[in-house]
1. Given a Förster radius of 25 Å and the C-beta distance between LYS110 and THR52 as r, what FRET efficiency does 1/(1 + (r/R0)^6) yield to the nearest 0.05?
2. List the lysines whose alpha-carbon lies under 16 Å from that of LYS67, not counting same-chain residues fewer than 8 positions away?
3. Beta carbons within 10 angstrom, averaged per residue: use that to sort the peptides 19-25, 105-111, highest first.
4. Stretch THR72-ASP37 to full length: gain in nm at 0.36 nm per residue minus the Cα-Cα span?
5. Using only alpha carbon pairs under 8 Å that are at least six residues apart, calculate the relative contact order of the chain and give it in whole percent.
Amino acid sequence: MDKPVITSERIYYTIGEVAGMFKVNTSLIRFWEKEFDIIRPHKNKKGNRLFTPKDVDNFHLIYHLVKERGYTLQGARAKLKENPEKLARDFELVKTLDKMKTFLETLKKKL
């Protein structure tokens, strides 16, 4: 899956925008918010969830573990707790490699 587009000028994203980035239902985002401590959106006076870019990155990490790598929710929680720094570093490496792959595929099409 491509990394969702996060613009630097945005401070918050709605739950619908986050769901659209990952092509999932908003119910999955609400469910994972309850299941994982690292997703903590702000809530406005109406109770609407507002996600920061950090929350979106954390959701992407969970999405990678559960949907792409096949971890169970319990396994993903354990993986996040055992060594979060190494996991974040490895995940950044995977994202960089995905960007390089996309670039090379685009370049190949142009040749």
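Every read-out reported here was derived from the displayed coordinates using simple, explicitly stated rules and does not represent laboratory data. Keep in mind that what you see is a predicted model, and the values were worked out from it rather than measured. Counting neighbours? That spans all protein chains shown, and the Cβs are built from the backbone with ideal geometry, glycine included.
1. 0.10
2. LYS3, LYS23, LYS79, LYS95
3. Ranking the peptides 19-25, 105-111 by packing returns 19-25, 105-111.
4. 11.0 nm
5. In percent, rounded to a whole number, it is 22.
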